[in-house]
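Asker: Provided herewith is a single structure, encoded as structure tokens, for subsequent inquiry.
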Amino acid sequence: MIDKRKTVIITGASRGIGHATARLFLERGWQIITCSREEAPPECGRDRNWTVHIATDLANSESLAHFIRQANAALGDQPLHGLVNNAGMSPKSEFNERLGCLNGDIEAWKDVFDLNLYAPLKLSRGFAAALHRGAGAIVNVTSIAGHKIHPFAGSAYSISKAALSAMTREMAQEFAALNVRVNAVAPGEIETDMVQPEYEVLIPRIPLDRMGTAADVAGSIYYLCSDDASYVTGTEVWVTGGQHLF
């Protein structure tokens with residue numbers, strides 16, 4: 001049973017930005033409910049604030065619906081204070097080639113949009129009542145690639161992230177009636193498994209002259225969920241080291 005400490009749901013929590021975000025919320029004393037395609041490592045279950053982890057394929061409607069039911073059951077009638085829609089995918093060809101509008105399987109675009117756009121929408125709807133009880137916040141993880149042509153990110157990924165940015169604005173207006181804030185963070189070049197060695201050529205385009213870390217993004221996500229951002233909604237925070245300026 002969830003107690004009076006603040007609670008956040010984080011998707012895609014097994015690695016990269018999602019895992020760094022989960023660790024930060026734990027360090028700040030929040031309870032977390034997480035999901036990823038994999039089971040949580042055994043050591044994570046030893047943290048008293050790591051309340052529930054549910055192995056989930058968010059691109060699958062039945063698996064996503066199961067996660068919503070299980071997480072809401074864990075919450076009971078307690079409030080939810082944050083929802084971090086972090087899970088996403090950016091498919092490449094078998095030769096690690098960027099997939100644009102002229103190449104690649106159109107059906108693969110549907111998979112990308114199911115995870116990168118429709119899953120955040122379904123999750124936000126599914127936890128709306130709990131977020132209303134907690135006067136909570138939703139943070140969608142978008143991307144610099146959703147705002148300008150990226151040399152390595154595929155078209156389906158970039159367009160899905162552009163759509164998620166637009167949806168963040170729409171959600172902010174609608175969820176305000178529930179006293180729920182909705183914002184986004186737009187990472188640039190972040191050192192995660194998604195980043196390949198060829199990304200090094202992009203560093204000269206970054207004013208801070210380095211790639212970001214997952215912890216850099218996690219800090220911005222935490223801020224948007226915290227009381228310090230209680231009057232912030234409909235905003236997209238750039239976490240790019242200044243790369244978005246060019």
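Computed from the coordinates by the stated procedures, all read-outs in this text should not be read as laboratory data. This is a predicted model, so every value here is computed, not measured. For neighbour counting, all protein chains shown are included, and Cβ atoms are generated from backbone atoms with ideal geometry for every residue, glycine included.
Asker: Relative contact order of the chain: what whole-number percent is it, with Cα pairs under 8 angstrom and at least 6 residues apart?
Answerer: Reported as a whole number, the value is 19 percent.
Asker: What FRET efficiency comes out for Ala166 versus Lys4 if R0 is 35 angstrom and r is the Cβ-Cβ distance? Round to the nearest 0.05.
Answerer: For Ala166 and Lys4, the calculated efficiency is 0.45.
Asker: Antiparallel as a % of all DSSP beta bridges within the chain, to the nearest 5?
Answerer: Counting DSSP beta bridges with both partners in the chain, the antiparallel share is about 0 percent.
Asker: Count of lysine pairs in the chain with Cα atoms under 18 Å apart, counting only pairs 8 or more residues apart in sequence or on different chains?
Answerer: 6
Asker: Additional query: Taking just the C-alpha trace of the chain, give me its Rg and Dmax in Å.
Answerer: In Å, with Rg to one decimal and Dmax whole: 17.3, 52.
Asker: Using modelled amide H (1.01 Å from N, peptide plane; none on Pro or chain starts), what sits under 5 Å from the amide H of Val239, excluding residues fewer than 5 places away?
Answerer: Those lying under 5 Å, H to H, from Val239 are Ala186, Gly188.
Asker: Within the chain, what's the longest stretch lacking GluC sites (Glu not before Pro) that sit in DSSP loops with no more than 12 other Cβ atoms inside 10 Å?
Answerer: Maximal segment without exposed cleavage sites: 98-246.
Asker: May I ask you to derive the FRET efficiency for Arg69 and Leu121 from their Cβ-Cβ distance with R0 = 22 Å, giving the value to the nearest 0.05?
Answerer: Approximately 0.80, to the nearest 0.05.
Asker: Hey, another quick one. Given 0.36 nm per residue, what is the gain on full extension from Ala129 to Arg15 after removing their alpha carbon distance, in nm? Intermediate values should be presented prior to the final figure.
Answerer: Numbers: separation 114, 0.36 × 114 = 41.04 nm, distance 2.83 nm.
Gain in length upon complete extension: 38.2 nm.
Asker: Taking amide H positions as placed 1.01 Å from N in the peptide plane, with prolines and chain starts having none, which residues 5 or more places from Arg28, or on another chain, fall under 5 Å of its amide H?
Answerer: none
Asker: Additional query: How far apart, in nm, are the 7 Å Cα→Cβ label points at Lys110 and Asn60?
Answerer: 1.7 nm
Asker: So how far apart, in nm, are the two label points at Ser230 and Glu39 if each is 7 Å from Cα heading toward Cβ?
Answerer: Taking the simple label geometry, Ser230 and Glu39 are separated by 4.2 nm.
Asker: Where in the stretch 126-151 is the amide nitrogen less than 16 Å from a point lying 7 Å along the Cα-to-Cβ axis of Asn179?
Answerer: Taking a point 7 Å out along Cα→Cβ of Asn179, the residues of the stretch 126-151 whose backbone N falls under 16 Å are 128-138.
Asker: Quick check on the exposure proxy: order Thr233, Thr240 from fewest to most C-beta atoms within 10 angstrom.
Answerer: On the way: Thr233 20, Thr240 23.
In increasing order of surrounding Cβ atoms, one gets Thr233, Thr240.
Asker: Quick one: among Val84, Val52, Val201, which has the greatest mean-square fluctuation in a GNM of the chain with alpha-carbon springs under 10 angstrom?
Answerer: So, out of Val84, Val52, Val201, the one fluctuating most is Val201.
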